[in-house]
1. For the chain, what's the relative contact order in percent, using C-alpha pairs closer than 8 Å and at least 6 residues apart?
2. Farthest toward the dipole's positive end in the chain, which of Ser126, Leu109, Asn246, given Cβ charges of +1 (Lys, Arg) and -1 (Asp, Glu) about the Cα centre?
3. Any idea of Val168's accessible area? Nearest 10 Å², probe 1.4 Å.
4. Please list, in order along region 4-14, the HN-Hα scalar couplings obtained from phi with the Karplus expression 6.51 cos²θ - 1.76 cosθ + 1.60 (θ = phi - 60°), rounded to whole Hz, x for Gly and Pro.
5. Over 26 Å, how big is the tail of the calculated P(r) for the chain, in percent of all Cα pairs?
6. Per residue, how much accessible area does region 35-127 show when a 1.4 Å probe rolls over the protein heavy atoms, in square angstrom?
7. Please report, for the Cα atoms of region 98-194, the Rg to one decimal and the Dmax as a whole number; what are they, in angstrom?
8. Rg to Rh for region 1-148: what is it, with Cα atoms only and Rh by Kirkwood?
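The values are calculated or read from the model by the stated rules, or taken from the named source; none is laboratory data. Since this is a predicted model, take the numbers as computed values, not measurements. Here the Cβ is made from the backbone with ideal geometry for all residues, glycine too, and neighbour counts use every protein chain on show. Note: areas computed on protein heavy atoms with side chains; ligands, DNA, RNA excluded. Shrake-Rupley method; radii C 1.70, N 1.55, O 1.52, S 1.80 Å.
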Amino acid sequence: MYKTLLTELEKGTLIITVNRPDKMNALNKDVIKELGIVFDEVYSNSEIKSVIITGAGEKAFVAGADISEFLSLDAEGGAALAREGQANVFDKIENCPKPIVAAVNGFSLGGGCELAMACHFRVAGSNAKFGQPEVNLGLIPGYGGTQRLTRLVGKGKAMEMIMSADMVGADDAKTLGLVNHVFAPEELLAKTKEILQKIQSKAPIAVAQVIACINDASNGSHHGFENEIERFGACFATEDMKEGVNSFLEKRKPVFKGK
Ligand code: COA
């Protein structure tokens, strides 16, 4: 169905694998287009409850935007590439009401690091390496990297990482807050699925509201507190809130319907 992606739905989790292993899964036009399409499907298909993004092969998650497409671009073309990519893929991922986790299984560079950072959180194989090496090419990150890396690791570290183009390994990425967990490479996918199964057992509307509220905080919204109040209130109108509270009072496990 897709030229550059593999997709598999397993127990409500859609596993999206960027599949250009001979090019380190670099994000060319086709990958960006197909990621936009698959995320439209994630929004609209009620069978999809959560998403994992990973890369094919053992070396790379995604080693960046496809550098071979850059020489044909002028200033306007470069801006359009970044603007369209941010709107069609990266922002769509960040704002998705269903949890999206990057399972980073190797090099996560440039647009690859930005793809991982657009996800709601990241887990890494111990072989993962993160970096924003654009200055090596006379460029800067264009898929949100200057913004999201600063939010995740703080100004000083983001400045140094992006200005030096240095890579950080998985353990350092965990210390920095860039990834939540580091697993053995052969366990990475199974452990990521486990984390998402746990989240899928919670009330889906509440989880969606959590994503929106935390994005407000992370994006420096001036309305984060007020939005939290409204979204907290909205949860009281759900069947799942009644089920959650009743199940606690009745000392049984809740069965949520996403209603
Ligand atoms: N865009 C296009 N092609 C890429 C790519 C990218 N971002 N990253 C890797 N590739 C291609 C290489 O050109 C090579 O293709 P070839 O076999 O046709 O020559 C293939 O993937 C394998 O990469 P190679 O460099 O031989 O592997 P390596 O193990 O020696 O090094 C990396 C791996 C990731 C360190 C190295 O490929 C690299 O630095 N990539 C670019 C990272 C980058 O600058 N990303 C930001 C882009 S804005």
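1. About 16 percent, as a whole number.
2. Asn246
3. Solvent-accessible area, nearest 10 Å²: 20 Å².
4. Along region 4-14, the couplings run 10, 10, 10, 10, 8, 9, 10, 6, x, 9, 8 Hz.
5. 41 percent
6. That works out to 38 Å² per residue.
7. Using the Cα atoms of region 98-194, the pair Rg, Dmax is 12.6, 41 Å.
8. Taking Rg over the Kirkwood Rh, I get 0.94.
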